[in-house]
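Structure record follows, encoded as structure tokens.
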Amino acid sequence: MNKDNGIMSPSISKGLVFLMAVTCGFTVANVYLNQTLLVSMGNTFHITAAQAGIIATIAQVGYALGNLMLVPLGDIFERRRLILNLLFLVCLCSAASALAMNFPWLVIANLLLGFFTIIPQIIVPFAAGLSKESERGKVLGNVAIGLVCGILGARLISGIVDSHFGWRTMYWITCAATVIIMVLIRFSLPKSKASNTVKYGKLLFSLGPLFLQEKVLRRACLSQGLMFGAFSLFWTTLVFLLSEPPYSYGSQVAGMIGLVGIGGAFATPIIGRIIDSKGANVANMLCMSVSLLAFVLFLTGKLFLIGIIIGALLVTMGTQANQVACQAIIFQLSAEMRSRLNGIYMVMTFLGGALGSYLGVLAWTRFHWIGVCVLGIFMIGIAFTSLVISEKPIQEIDVKS
């Protein structure tokens, strides 16, 4: 019996890990599937694709707010019921998006869809609590496969559905898939017992002091924030590179390269095993080294497309595996505060990604592809240096709420 975090269930099974991974993939996809639907949405409401781009932005804003305001609830509510309630709200928001009669309606529906679709960040600490300490890295790595596949696969699947059936159909498919997942979660996911009775207001006010108090948490946020920032600046500017000579490709080719990145998802279980056997710090350094190698390969991108393709695989492997390594570190801090720790961590990761996208466009505008690559190397280099010079081995400690 696993007593960690008050979970009243046997050790986690492979089937349950698979269900958690699938749930993470289908739900996180809601934040990204709109990115390939923007042109069609613009045509429907007679606006430009650039104006429709606010939908993609607002969905990610909603996701960031959800990580800050909803993820910590996993520390005070029974998690299966919380997940089911959030899935129900996601279902309603997907239907509202499909039924949108005007552009403001669609914007609001996507804001709420992003806000409620933070279910993966409830599931990840849930999975950590269900698993034995000796296999926690492996379990988190397996669950992370679903996250990566959802993020990278959403654009491809939504593009195919849109081209054949229209953008509204994609939201109806999401709605139907969410109902199926609700049924599976209801009958397969064990109940948890929340061990924290903190009121919601006090819970939110505890986030700032928690971030300032925990050096381990701050370093994990810096590490993954910069890694995800470098990841985002690459994917944001890739379409610019491919649209210019010698390639002169459309955005569809960038999407196809994204499929290569899905292969990087399967590095997360490997890094999970390294975490369990060698420690999370070793895993961190390995992940950063892989991403640094990716940006070195990107420097050849003006001449060799194969360098871009291999680099896309490596940067996805490094970034997603590093996320698992950092989560393994912060989850050692407190079983009772894992949702809050994960909420803070994901908000900082998201901010790093937004910063990377913004700086990537600036680097491209002024220095083109060389500037993008140098910036990526610089961001990962800062994260790598902070890890090397700052830390003694992590010991398991108990944080009192």
Step through the residues of the stretch 71-83 one at a time and calculate ³J(HN,Hα) from phi using the Karplus curve (6.51 cos²θ - 1.76 cosθ + 1.60, θ = phi - 60°), rounding each to whole Hz and writing x for Gly and Pro. 4, x, 4, x, 7, 10, 10, 5, 6, 5, 5, 4, 4
When you count, for each residue, the other Cβ atoms within 10 Å and take the mean per peptide, how do 121-128, 65-72 rank with the highest first? 121-128, 65-72
Are there any chymotrypsin sites (Phe, Trp or Tyr not before Pro) in the stretch 267-308 that are in a DSSP loop and have at most 16 other Cβ atoms within 10 Å? List them by number. PHE304
Contact order normalised by length for the stretch 209-391, with contacts defined as Cα pairs under 8 Å and 6 or more residues apart; what percent is it? 40
Sorting check: for 160-169, 230-239, which peptide has the highest mean count of neighbouring beta carbons within 10 Å, and how do the rest follow? 230-239, 160-169
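Quick one: order LEU217, LEU156 by neighbouring beta-carbon count within 10 Å, fewest to most. Intermediate results must be reported in sequence, preceding the final value.
Details: LEU217 23, LEU156 17.
Neighbour counts put them in this order, fewest first: LEU156, LEU217.
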Over the chain, what is the relative contact order in whole percent, taking alpha-carbon pairs under 8 Å and six or more residues apart? 24
Under the rule a/c < 1.5 gives rounded, and otherwise a/b versus b/c splits prolate from oblate, where does the stretch 209-391 land using the Cα gyration tensor? prolate
So if we plug the beta-carbon distance of VAL239 and SER277 into 1/(1 + (r/R0)^6) with R0 = 35 Å, what FRET efficiency do we get, rounded to 0.05? 0.35
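Taking other Cβ within 10 Å of each residue's Cβ, how do LYS14, LYS132 sort, fewest first?
So the residues, fewest neighbours to most, are LYS14, LYS132.
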Against the 2.2 N^0.38 Å scaling, with N counting residues, where does the stretch 10-199 land? I'd like the Cα-based Rg ratio to two decimal places. 1.05
List the pairs from LYS191/LYS215; LYS14/LYS278; LYS138/LYS215; LYS215/LYS278; LYS138/LYS199 whose alpha-carbon separation is above 29 Å, in the order I gave them. LYS191/LYS215; LYS138/LYS199
Longest exposed-loop-site-free stretch of the chain, with GluC sites (Glu not before Pro), DSSP loop and at most 16 other Cβ within 10 Å? 79-390
Rounded to the nearest Å, the spacing of the alpha-carbon centers of the stretch 76-91 and the stretch 138-195 is 14
Given R₀ = 41 Å, FRET efficiency for THR385-SER13 by Cβ-Cβ distance, to 0.05? 0.50
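Values quoted throughout were computed directly from the atomic coordinates according to the rules given, and no laboratory measurement underlies them. Predicted model only: the values in this text are computed from it and were never measured. A quick note on method: Cβ atoms are made from the backbone with ideal geometry, for glycine too, and the neighbour counts reach across all protein chains shown.
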